[in-house]
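Let me begin by presenting the structure, written as structure tokens, before commenting on it.
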Amino acid sequence: MAKKAIAEFIGTFVLVFVGTGCAVLGGGMSGVGILGIAVAFGLALMAMCYSIGTISGCHINPAVSVAMFINKRMNLKELISYIIAQCLGAILGSTVLYLILKAGKKPLTNFGQNSFGHFTWWGVFLTEFVLTFIFVLVILVVTGKKGNPIVAGLVIGLTLTAVHLVGIPVDGTSVNPARSLGPALFAGGQALGQLWVFIVAPIAGGILSSIVSMFILDSEK
């Protein structure tokens with residue numbers, strides 16, 4: 001179990017550092033643009049799928065782990081260890097980004113944190129719920145008994161890219177509580193106050209996807 005937790009820690013670190021690092025250091029939407037940021041998150045996840053996937057399954061997302069637990073692909077002890085490792089990995093990713101920004105004497109205000117922007121809380125909640133449902137459903141089906149493990153990493157990475165293209169203009173896209181936690185801890189203020197939506201909505205979306213994958217798409221048969 002220790003190796004699996006370490007793999008999840010490393011994987012989440014890479015996802016958060018590369019994804020948010022691209023958004024912050026790449027000039028955000030005025031620099032690399034929405035597509036560039038979306039691709040960064042997708043490629044980071046794809047790389048991790050093909051490197052740590054055989055060790056831990058490459059969840060690197062509490063919403064995915066909760067869905068896997070509901071679908072009985074992991075036990076409660078594993079779920080807890082995964083979520084702790086994922087959160088710590090995300091925090092380290094934001095810590096490294098903070099150190100880089102500080103070394104470059106850059107403003108310490110933007111860490112790629114999620115926010116409501118011009119949207120209401122329920123609009124953001126709905127966005128995160130639906131996008132996470134889509135994302136996790138793809139993961140469950142493509143890694144299920146009827147899925148194709150050879151192309152799983154590619155499909156999952158591309159799906160994360162796709163949901164980012166929709167979600168970035170709304171709230172920066174989370175679909176991952178750990179991904180939101182790391183940046184929010186360093187940004188503080190409003191980011192921490194709004195963090196609950198980026199935890200609850202993805203978890204809820206993941207739970208619904210696990211139910212649909214089991215009982216409608218037969219991913220566990």
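The values are calculated or read from the model by the stated rules, or taken from the named source; none is laboratory data. Computed from a prediction, not measured in an experiment: that's the story for all the values here. Here the Cβ positions follow ideal geometry from the backbone for every residue, glycine too, while neighbour counts run over all protein chains shown.
Among all residue pairs at least 6 apart or on different chains, which show Cβ distances below 7 Å where the first residue, located in the range 92-115, is farther than 15 Å from Ser174 by Cα and the second is of a type outside the set (Gly, Ala, Ser) and part of a loop (DSSP other than H, G, I, E, B)?
Partner pairs satisfying both residue conditions: Leu97/Phe111; Tyr98/Leu108; Tyr98/Phe111; Leu101/Leu108; Lys102/Leu108.
Just to be sure I understand, how many residues within the range 77-110 are surrounded by 12 or more Cβ atoms within 10 Å (Cβ to Cβ) and assigned to a helix (DSSP H, G or I)?
Qualifying residue count, the range 77-110: 23.
Which one of the conditions (1) of a type in the set (A, V, I, L, M, F, W, C); (2) modelled with pLDDT of 95 or more; (3) touching a helix residue (DSSP H, G or I) at 6+ places or on another chain (Cβ under 9 Å) does Leu108 fail to meet, given that it meets all the rest?
(2)
Residue by residue through the range 164-195, note down the ones that are of a type in the set (Val, Ile, Thr) and more than 11 Å from the chain's Cα centre (by Cα).
Our first condition is that a residue be of a type in the set (Val, Ile, Thr); within the range 164-195, this holds for 166, 168, 170, 173, 175.
Residues satisfying the conditions are Val166, Ile168, Val170.
Only one residue in Ala38, Ala63 is at pLDDT 95 or above, closer than 24 Å to Ala184 by Cα and in contact with a Pro (Cβ under 8 Å, 6 or more places away or on another chain), so which one is that?
Working: Ala38 fails: in contact with a Pro (Cβ under 8 Å, 6 or more places away or on another chain).
None of the others qualify; the one that does is Ala63.
Show me the helices (runs of 4 or more DSSP H) found entirely inside the range 131-221 where at least 2 residues are hydroxyl-bearing (Ser, Thr, Tyr). Spell out how you get there, then give the answer.
Details: elements: 149-171, 177-187, 189-193, 195-215.
Counting at least 2 such residues, we get 149-171, 195-215.
With the structure loaded, tell me whether Ala7 is in contact with a helix residue (DSSP H, G or I) (Cβ under 7 Å, 6 or more places away or on another chain), within 30 Å of Lys77 (Cβ to Cβ), hydrophobic (A, V, I, L, M, F, W, C) and buried (at least 17 other Cβ atoms within 10 Å of the Cβ) or whether it fails that test. Before the answer, list the steps.
Working: in contact with a helix residue (DSSP H, G or I) (Cβ under 7 Å, 6 or more places away or on another chain): yes; within 30 Å of Lys77 (Cβ to Cβ): yes; hydrophobic (A, V, I, L, M, F, W, C): yes; buried (at least 17 other Cβ atoms within 10 Å of the Cβ): yes.
Considered against the rule, which asks whether it is in contact with a helix residue (DSSP H, G or I) (Cβ under 7 Å, 6 or more places away or on another chain), within 30 Å of Lys77 (Cβ to Cβ), hydrophobic (A, V, I, L, M, F, W, C) and buried (at least 17 other Cβ atoms within 10 Å of the Cβ), Ala7 comes out as yes.
Can you tell me which residue in the range 50-66 is surrounded by the most Cβ atoms within 10 Å (Cβ to Cβ), limited to those that are in a helix (DSSP H, G or I) and of a type in the set (S, T, N, Q)?
Within the range 50-66, the first condition is being in a helix (DSSP H, G or I), and the residues that meet it are 50-56, 62-66.
So of that shortlist, the ones also of a type in the set (S, T, N, Q) come out as 51, 54, 56, 65.
Values: Ser51: 15, Thr54: 11, Ser56: 25, Ser65: 28.
So the residue we want is Ser65.
Identify, from the list Phe13, Phe41, the residue that is more than 23 Å from Ser209 (Cα to Cα), aromatic (Phe, Trp, Tyr) and touching a residue at least 24 places away in the same chain (Cβ under 8 Å).
Values: Phe41 fails: more than 23 Å from Ser209 (Cα to Cα).
None of the others qualify; the one that does is Phe13.
Tell me the residue from Leu35, Leu45 that is under 25 Å from Leu165 (Cα atoms) and surrounded by fewer than 22 Cβ atoms within 10 Å (Cβ to Cβ), please. Steps first, answer last, please.
Values: Leu45 fails: surrounded by fewer than 22 Cβ atoms within 10 Å (Cβ to Cβ).
The unique qualifying residue is Leu35.
Restricting to the range 120-169, name every residue that is polar (S, T, N, Q) and either surrounded by 15 or more Cβ atoms within 10 Å (Cβ to Cβ) or in contact with a His (Cβ under 9 Å, 6 or more places away or on another chain) (or both). Before the answer, list the steps.
Step one: list which residues in the range 120-169 are polar (S, T, N, Q), which gives 120, 127, 132, 143, 148, 159, 161.
Within the range 120-169, Thr127, Thr132, Thr143, Thr159, Thr161 meet the criteria.
In the set Gly189, Gly182, Gly172, which member is closer than 27 Å to Lys102 by Cα and surrounded by fewer than 19 Cβ atoms within 10 Å (Cβ to Cβ)?
Numbers: Gly182 fails: surrounded by fewer than 19 Cβ atoms within 10 Å (Cβ to Cβ); Gly172 fails: surrounded by fewer than 19 Cβ atoms within 10 Å (Cβ to Cβ).
It is Gly189.
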